[in-house]
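This report concerns only the one structure given below.
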Amino acid sequence: MKILAILYNGYTAAEEEPRLLGTVENKLGIEEWITSKGHELIVSSSKEGPDSDFQKHIVDAEILITTPFHPGYLTRDIFEKAKNLKLCVTAGVGSDHIDLNAAVDHKVQVLEVSGSNVVSVAEHVIMSILLLVRNFVPAHEMIERGDWQVSDIARNAFDLEGKVVGTIGAGRIGYRVLQRLVPFDCKELLYYDYAALPEKAAADIKARRVADLKDFVSQCDVVTVNCPLHEGTRGLINDDLLKHFKKGSWLVNTARGAICDKDAVARALKSGQISGYAGDVWDVQPAPKDHTWRTVKNPLGGGNGMVPHYSGTTLDAQARYANGVRSIVDNYLSGKPQEPQNIIIGLGKYETKAYGQR
Ligand code: NAD
């Protein structure tokens, strides 16, 4: 059986740090195990265009392993060519790089390692909220430049205490973000999600659900996006919705780049409608060098907390999702049932309720 894995290149870092498991060099730590079972493992980072390893090997691979950090985009066209494909495994969480409706039609199962990096992302969200609200990045840049002008930073630095923070999506990550905010004594913690939190879970952190999205964003000082990308969330944060944000609020998106309209967010930040935008996800990855989110700033020259997609790929997270991939592949090879929480697409149908209401 051919198993194809599309991962990112780790180069020297991966040679020096074997715990960088999600790299081409370290192959999720599964190479020996796969080959000892008599299967072939092809690992590559080459994923774009018809001459890529991805498109060359997908035609006869039975299992495809991809990672959201360097997504091999499995479009409907590519599904047509992937005649042997039975199982897609996402090394991490978030399988929007796979056309999930096409997976349903082609009866290809899609599994994620659910929960594997949700704490990693929640911690990153807390950091991003703080660095925006407290105006950290320009302050650090000032120090590196050799300057010292406290008022230029302090004029746009605030406390998180007393602010209203809301999450779009209150699943594993969104809930953990709210939980971690409790000791900050925010004025209120809000969530917007078509699935209500269990009563006790909401009560434990005093989270209030707001049913209408415009109403929700208009109440938040900080909005954090923690829902999957699907038909119902692509471009959800656009010019129209941004008008309803509180002027000068902050937006953190570690969910998926395409949930936000790139140019609308840039316009809102430049105009001061929002004071900051931070996150690690981009509408195409790797992000082009001239992507506006790399450099766009608020009118005071700050408010940009963008980094490459790494919040969910800390070394701790890599250990968990590498183990999870191995166990999903093992279940498949030995005909054992999969853990239900990992199944996004089962045979010919959505098993998860998180990728939109259908
Ligand atoms: P989850 O399935 O536990 O929770 C997702 C929640 O979003 C669910 O409660 C669902 O009902 C809700 N939702 C779906 N559509 C919605 C909509 N239109 N409006 C409001 N809520 C909606 O998933 P999770 O583990 O919390 O992960 C969420 C997403 O975060 C992933 O799908 C992925 O895209 C992203 N993620 C990013 C990284 C990273 O490294 N940046 C890592 C892991 C996950």
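The values are calculated or read from the model by the stated rules, or taken from the named source; none is laboratory data. As the structure is a prediction and not an experimental result, all values here were calculated from the model. Virtual Cβ from ideal backbone geometry, glycine too; neighbours counted across all protein chains shown. Each accessible area value is taken on the protein alone, full model and side chains, heavy atoms only, with ligands, DNA and RNA left out. Shrake-Rupley method; radii C 1.70, N 1.55, O 1.52, S 1.80 Å.
How many residues does the stretch 317-338 hold that are open to solvent by 30 Å² or more (accessible area, probe 1.4 Å) and out of contact with any helix residue (DSSP H, G or I) (no Cβ under 8 Å at 6 or more places or on another chain)? Please lay out each step first, then the result.
As a first pass, look at the stretch 317-338 and keep what is open to solvent by 30 Å² or more (accessible area, probe 1.4 Å): 319-320, 323, 326-327, 330, 332-338.
From the residues that got through so far, the ones that are out of contact with any helix residue (DSSP H, G or I) (no Cβ under 8 Å at 6 or more places or on another chain) too are 319-320, 323, 327, 330, 332-335.
Adding up the residues that qualify gives 9.
Looking at the stretch 335-358, which of its residues are within 15 Å of A102 (Cβ to Cβ), more than 16 Å from the ligand (Cβ to nearest atom) and assigned to a loop (DSSP other than H, G, I, E, B)?
L347, G348
In this structure, does E25 turn out to be among the charged types (D, E, K, R), open to solvent by 40 Å² or more (accessible area, probe 1.4 Å), under 21 Å from the mean Cα position of the chain (by Cα) and closer than 20 Å to Q285 by Cβ? Outline the logic, then answer.
Values: among the charged types (D, E, K, R): yes; open to solvent by 40 Å² or more (accessible area, probe 1.4 Å): yes; under 21 Å from the mean Cα position of the chain (by Cα): no; closer than 20 Å to Q285 by Cβ: yes.
So E25 fails the test.
How many residues, within the stretch 234-250, are closer than 10 Å to C220 by Cα and open to solvent by less than 50 Å² (accessible area, probe 1.4 Å)?
3
Considering only the stretch 200-245, how many residues are of a type in the set (D, E) and either within 15 Å of the ligand (Cβ to nearest atom) or at positive phi (or both)?
Residues that pass the stated criteria total 3.
Any residue in the stretch 179-190 that is at pLDDT 95 or above and open to solvent by 30 Å² or more (accessible area, probe 1.4 Å) sitting within a Cβ distance under 6 Å of a residue that is in a strand (DSSP E or B) and of a type outside the set (S, T, Y)? List the pairs, counting only those 6 or more apart or interchain.
Short answer, once both residue conditions are applied: K187/V164; E188/V164.
When C260 is evaluated against the numbered criteria (1) out of contact with any helix residue (DSSP H, G or I) (no Cβ under 7 Å at 6 or more places or on another chain); (2) at pLDDT below 95; (3) within 14 Å of the ligand (Cβ to nearest atom), which criterion, by number, is the only one it fails?
(2)
Looking at A266, A287, which is the one that is more than 26 Å from S120 (Cα to Cα) and surrounded by fewer than 24 Cβ atoms within 10 Å (Cβ to Cβ)? Walk me through how you get there before you give the answer.
Numbers: A287 fails: more than 26 Å from S120 (Cα to Cα).
Among A266, A287, only A266 is more than 26 Å from S120 (Cα to Cα) and surrounded by fewer than 24 Cβ atoms within 10 Å (Cβ to Cβ).
Of all the residues that make up the stretch 157-199, how many are more than 16 Å from the ligand (Cβ to nearest atom) and either under 11 Å from V222 (Cβ atoms) or outside any helix (DSSP H, G or I) (or both)? Break it down stepwise before answering.
Residues of the stretch 157-199 that are more than 16 Å from the ligand (Cβ to nearest atom), as a first pass: 157-164, 182-188.
Still in the list and also either under 11 Å from V222 (Cβ atoms) or outside any helix (DSSP H, G or I) (or both): 157-164, 184-188.
Total satisfying the criteria: 13.
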